[in-house]
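A short write-up of the structure that comes next.
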């Protein structure tokens, strides 16, 4: 019997419906971005010393916020359920941890788990148990994120990640922080909203935008799916876990920046990183007439 390696990460994407509001307000929570958890699985042969097992590694990544100093998320446990095993869950060898998501942006990751795990199955569901150490770190101090008991355990259905010998499989879990973190009457709440996909059947978009003073936000959309990225200081932005085909790309600046928004289309290929040209994409200044 063969066994596999599994790797996990987190990244950042979001929804367009919330984006334009964030560009036109100064509220802190509307600039929080979602997270992606990527699970990579590498199958091995019978000659491996840990036969009949797969090795699990977990990494984190996120996108930066323009207003926050930190976004701490605590994960207590991670479990997976295989196809045709009913309600049986397998707990990963993961001791839990609290992670600042903001430094983990645009493809940067942090490994958080490494273990062996049985291969030759299909991961159908993933369950995350969130802890109480969730908070926002702001210039005004830390803000506790209240997690209701009914939201502590989150199950992602329909993962459908097959484990094959000698094959790498990456599963991406997208925790959308933009809509997972909300504010009401001065209190901040965490209600995790997530999706999952097999990275082998998706692609990526990577690009650069300038000038920095344009304070641009990158958004992409395709057939109802819309994601966001806040570029890094060098203008880099990146989107992971995209379905193959054309994507509309929006580079949007705040109305008072004086720069013109740009829209164009590029194509994502399965299993590939598409570098957007030109590098960088230079936003134009608004004319005096256009600003009136």
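The values are calculated or read from the model by the stated rules, or taken from the named source; none is laboratory data. A quick note: this is a predicted structure, and the numbers were derived from the prediction, not measured. Counting neighbours? That spans all protein chains shown, and the Cβs are built from the backbone with ideal geometry, glycine included.
Scan the range 116-135 for residues that are more than 13 Å from residue 98 (Cβ to Cβ) and modelled with pLDDT of 85 or more and report the count. Walk me through how you get there before you give the answer.
Taking the range 116-135 as the starting set, the residues that turn out to be more than 13 Å from residue 98 (Cβ to Cβ) are 116-129.
Of the ones still in play, those that are also modelled with pLDDT of 85 or more are 121-129.
Qualifying residue count, the range 116-135: 9.
Restricting to the range 204-220, and then to whatever is in contact (Cβ under 8 Å) with a residue 40 or more places away in the chain and outside any strand (DSSP E or B), can you tell me which residue is surrounded by the fewest Cβ atoms within 10 Å (Cβ to Cβ)? Reasoning before the result, please.
Of all residues in the range 204-220, those in contact (Cβ under 8 Å) with a residue 40 or more places away in the chain come to 204-211, 213-217, 219.
Narrowing further to those that are outside any strand (DSSP E or B): 211, 213-216.
Values: 211: 14, 213: 11, 214: 24, 215: 17, 216: 26.
Step by step, filter the range 204-220, then rank; the result is 213.
Test each condition in (1) surrounded by fewer than 20 Cβ atoms within 10 Å (Cβ to Cβ); (2) modelled with pLDDT of 95 or more; (3) within 20 Å of residue 172 (Cα to Cα) for residue 247 and report the one that comes out false.
Tallying (1) surrounded by fewer than 20 Cβ atoms within 10 Å (Cβ to Cβ); (2) modelled with pLDDT of 95 or more; (3) within 20 Å of residue 172 (Cα to Cα), residue 247 fails exactly one: (1).
Quick check: is even one residue across the range 173-195 out of contact with any helix residue (DSSP H, G or I) (no Cβ under 9 Å at 6 or more places or on another chain), without any contact (Cβ under 8 Å) to a residue 40 or more places away in the chain, within 28 Å of residue 272 (Cβ to Cβ) and not assigned by TED's automatic domain parsing to the domain that holds residue 243?
Yes, the conditions are met somewhere in the range 173-195.
For every residue, the table says whether it meets (1) buried (at least 16 other Cβ atoms within 10 Å of the Cβ); (2) in contact with a strand residue (DSSP E or B) (Cβ under 9 Å, 6 or more places away or on another chain); (3) not in a strand (DSSP E or B).
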position	(1), (2), (3)
125	yes, yes, no
169	yes, yes, no
179	yes, no, yes
183	no, yes, no
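Take the range 224-237 and flag every residue that is surrounded by fewer than 24 Cβ atoms within 10 Å (Cβ to Cβ) and touching a residue at least 12 places away in the same chain (Cβ under 8 Å).
Across the range 224-237, the qualifying residues are 225, 226, 230, 232, 233, 234, 235, 236.
Give the residues of the range 185-203 that are closer than 23 Å to residue 149 by Cα and not in a strand (DSSP E or B), sorted by residue number.
185, 186, 191, 192, 193
Could you tell me whether the range 113-122 includes any residue that is closer than 21 Å to residue 189 by Cβ, in contact (Cβ under 8 Å) with a residue 24 or more places away in the chain and surrounded by 15 or more Cβ atoms within 10 Å (Cβ to Cβ)?
Checked against the condition, which is being closer than 21 Å to residue 189 by Cβ, in contact (Cβ under 8 Å) with a residue 24 or more places away in the chain and surrounded by 15 or more Cβ atoms within 10 Å (Cβ to Cβ), the range 113-122 yields no hits at all.
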